[in-house]
1. Taking the chain as a Gaussian network, where each spring joins two C-alpha atoms under 10 Å apart, which residue of S249, S189, S19 fluctuates the most?
2. Tell me whether region 120-227 comes out rounded, prolate or oblate; compute the Cα gyration tensor, take square roots of the eigenvalues as a ≥ b ≥ c, and use a/c under 1.5 as the rounded threshold.
3. From the Cα trace of region 190-276, what convex hull volume per residue do you get, rounded to a whole Å³?
4. Please list 3J(HN,Hα) in residue order for region 325-331, calculated via the Karplus relation 6.51 cos²θ - 1.76 cosθ + 1.60 where θ = phi - 60°; whole Hz, with x for glycine and proline.
5. Would you please give the residues with an amide H less than 5 Å from that of T255, counting only those at least 5 places away or on a separate chain, with H modeled from the backbone geometry?
6. Quick one: Debye curve from the C-alpha atoms of region 222-378, no solvent, what's log10 I(q)/I(0) at q = 0.13, 0.19, 0.20 Å⁻¹?
7. Using only the Cα atoms of the chain, each taken as one equal point scatterer with no solvent, compute I(q) by the Debye sum, divide by I(0), and report log10 of the ratio at q = 0.12, 0.13 Å⁻¹.
8. Given +1 on the Cβ of Lys and Arg, -1 on the Cβ of Asp and Glu, and no further charges, what dipole in debye does the chain carry about its Cα centre, rounded to the nearest 20?
Amino acid sequence: MTGGTEIHRTVDAVWRLESARIIAGLARMVRDVGLAQELAQDALVAALEQWPESGVPDNPGAWLMAIAKRRAVDRIRRDQTLNRKLEELGHRLETEDSGAELDAVLDDCIEDDLLRLVFTACHPVLPTPSRVALTLRMLGGLATDEIARAFLVPEPTVAQRIVRAKRALAEAGVPFEVPAAEERAGRLSSVLEVIYLIFNEGYAATAGDDLIRADLCLEALRLGRLLGGLAPDEPEVHGLVALMEIQASRSRARTGPSGEPVPLLDQNRALWDQLLIRRGYAALLRAEKIGGPPGPYVLQAAIAACHAQAREAADTDWARISALYEILARRAPSPVVELNRAVAVGMAHGPEKGLEIVDGLADEAALKNYHPLPSVRGDLLFRLGRYVEAQTEFERAASLTRNEAERTLLLDRASTAGRRTTPRNEA
């Protein structure tokens, strides 16, 4: 039993590492992402059946790839859809040399195949939740139940999203290819959005008891690093990687002993992971060396770097952060960017200035149920000594969040504000 358990763990680990490469290679053969995943799953089943008796191969990833490719050729033969080159190779697969020839043909382009898979899984024809689910399934190797747990949705919902996504790609005739240069920028923004959505859900969970889901953060980092290797000349890719590395460096300091959130300015910076910070700096430097006007992810990474460079919260260069947010607000305007800019302005130039920006966002429909808005307003009011108003804002923020750890923190801040009195409150 123990040996079988160890084999299953090995299979799971190999699958996590190799599934994206296998699916990518198969998708180029069969020109269908959904079918490629099915064939890769067949190879996984074969491993679960054979390895407990035969033992784990010396190169388990290559074993899975070989089995999957041969299943693909069998499927192509049955469906009679083999193109000329693969047809010729497929008919000669009975000899060892021809198998090696097929391996060479596929393995020569494996990096391109992975890039094709990234752009396909994140295709804008799919709604965002489907892109996220398909990316985690295809590129992350996560099982459907793992994705469902991570996003706190029912497993059938995730399964339906994945099935519909694969069907939508097939029905739309989405080609398995890296888009041409003129299309790539728009498509790349979709890819980066999906990866950052995955990271953010891990970094600040939307709902549930835990503030952080480390597995999602790590998965997004892995995907970002993979994309950085596949698209080395895209500054925004390195900007996103830098942003995620630096934000992830704070993970150990972001929660207290009981899992309670610790705000950025109160964190023990000795707990920040210096290796991740150095990796973030290196990625940011790569983005800057490529040149061109900084994009949204490069700008956000530069802001994160400002925080990382401050040994103490009091050393933070809020003036620079405020200036960077000013550029970001022009480059990629959004209510959330404006809210973050309000925080920086409030720190750099006083809470009154920050509150002016926040009050200008009161009618933004996108922020109607966005709990950080009343939370930020409450903080600015507290710093201005307007404690009764601050208490109201913190209570409103607590009522809007679906994360229990954040709700507890916000109610504590409301209670603190309620205990403070000033002549202004009593008037």
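1. Comparing S249, S189, S19 in the GNM, the peak value goes to S189.
2. The shape class here is oblate.
3. 97 Å³
4. 5, 4, 5, 4, 5, 7, 6
5. Result for T255 returns V262.
6. Taken in order of the listed q values, log10 I(q)/I(0) reads -0.67, -1.27, -1.33.
7. Here log10 of I(q) over I(0) equals -1.05, -1.18.
8. So the dipole magnitude of the chain works out to roughly 900 debye.
Taken together, the values in this text are just the output of simple stated rules run on the coordinates, not laboratory data. Note that the structure is a prediction, hence the values are computed from the model and not measured. In this analysis, Cβ positions are derived from the backbone assuming ideal geometry, glycine residues included, and neighbour counts consider all displayed protein chains.
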